[in-house]
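What follows is a single structure, written as structure tokens, with notes after it.
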Amino acid sequence: MRLAIFDVDGTLLRGNSWQAYFWWAVGEWPAAAPGLLARLVLRKSGLLKAQALRDAALRPLRGKTSAEVEDVGRRVFEMRLRGQIRSEARREIERVRAEGFVPVLATGAFDFLARRVAEELGVSEVVSTRLGFERGMCAGCIHGAETRGEEKAAEVRGHFAGRPVEWAESRAYSDDVEDAPLWALAGDRVLVRAVGKETIQPPEGVRVVTWADD
């Protein structure tokens, strides 16, 4: 089995799913909006950790059922994420599938958002940051660590544990050197950049592709 592993935010999407969710939450839950906006100002001033802002944005999901959380994911996707999927990303997933690769989404995005992107692209293998649930109700926070950096690579390996993956023949796509551990899993390492935008200097052994930012 050869994998084609895709980061989501900034790679398949021209934007960021966390930001899309945050601004959707501000508009959807007026009672929570003042607190979220105040925390955003503190975050931009360096007075609040990213985790605290994330937790505040997830708090309105507390007490919702799995079905209700999934409905939130669908609404955010339809309103803010569907239009952010790059056309070239859609074509690339079809190309790798035709070449015999198994497409995989590996992302720090919340699972209820990542699943919607995966469904849209026809991808069944997803590694993402999971929401916590207690007695069938959302805890309003994540479960475990965010799937970023080393954690993302470890989760991908764990997801495919026991399956015959040809890692050296696999491929990994990302727009950020934070995903160096993800690139390290695959023999073919791809840095995705948008047309007309400056990009990071690719590490040794990583090739660059340019996708239209549409």
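I want to confirm something. Restricting to the stretch 187-199 and keeping residues that are among the charged types (D, E, K, R) and under 20 Å from GLY15 (Cβ atoms), which single residue is surrounded by the most Cβ atoms within 10 Å (Cβ to Cβ)? If you could, list the steps in order and put the result at the bottom.
Here is the first cut: in the stretch 187-199, the residues among the charged types (D, E, K, R) are 188-189, 193, 197-198.
Okay, now just the ones that are also under 20 Å from GLY15 (Cβ atoms), so 193, 197-198.
Numbers: ARG193: 18, LYS197: 10, GLU198: 6.
Per the criteria, the residue is ARG193.
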Revision key, fill the gap. Checked the stretch 39-64 for anything within 17 Å of ALA145 (Cα to Cα) and without any contact (Cβ under 8 Å) to a residue 12 or more places away in the chain; matches are LYS49, ALA50, GLN51
Study note, to complete from the structure: For GLY46, the lone unmet condition from (1) in contact with a Lys or Arg (Cβ under 9 Å, 6 or more places away or on another chain); (2) at pLDDT below 95 is (1)
Study note, to complete from the structure: Inside the stretch 1-34, the number of residues satisfying the requirement of being among the small types (Gly, Ala, Ser), open to solvent by 70 Å² or more (accessible area, probe 1.4 Å) and either touching a residue at least 40 places away in the same chain (Cβ under 8 Å) or assigned to a helix (DSSP H, G or I) (or both) is 0
Check your understanding: Got at least one residue in the stretch 133-147 being open to solvent by 70 Å² or more (accessible area, probe 1.4 Å) and closer than 25 Å to MET79 by Cβ?
Key -> yes
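Results for (1) free of Cβ contacts under 8 Å to residues at least 40 places away in the same chain; (2) surrounded by 18 or more Cβ atoms within 10 Å (Cβ to Cβ); (3) over 20 Å from LEU13 (Cβ atoms), shown as yes or no for each residue.
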{"residue": "VAL165", "(1), (2), (3)": "no, yes, yes"}
{"residue": "ARG171", "(1), (2), (3)": "no, yes, no"}
{"residue": "VAL177", "(1), (2), (3)": "yes, no, no"}
{"residue": "LEU185", "(1), (2), (3)": "no, yes, yes"}
{"residue": "GLN201", "(1), (2), (3)": "yes, no, yes"}
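The values are calculated or read from the model by the stated rules, or taken from the named source; none is laboratory data. None of the values given here were measured: they were computed from a predicted structure. Positions of Cβ are generated from backbone atoms using ideal geometry, with glycine treated the same way; all protein chains shown enter the neighbour counts. Ligands, DNA and RNA are excluded from the accessible area calculation, which covers all protein heavy atoms including side chains. Shrake-Rupley method; radii C 1.70, N 1.55, O 1.52, S 1.80 Å.
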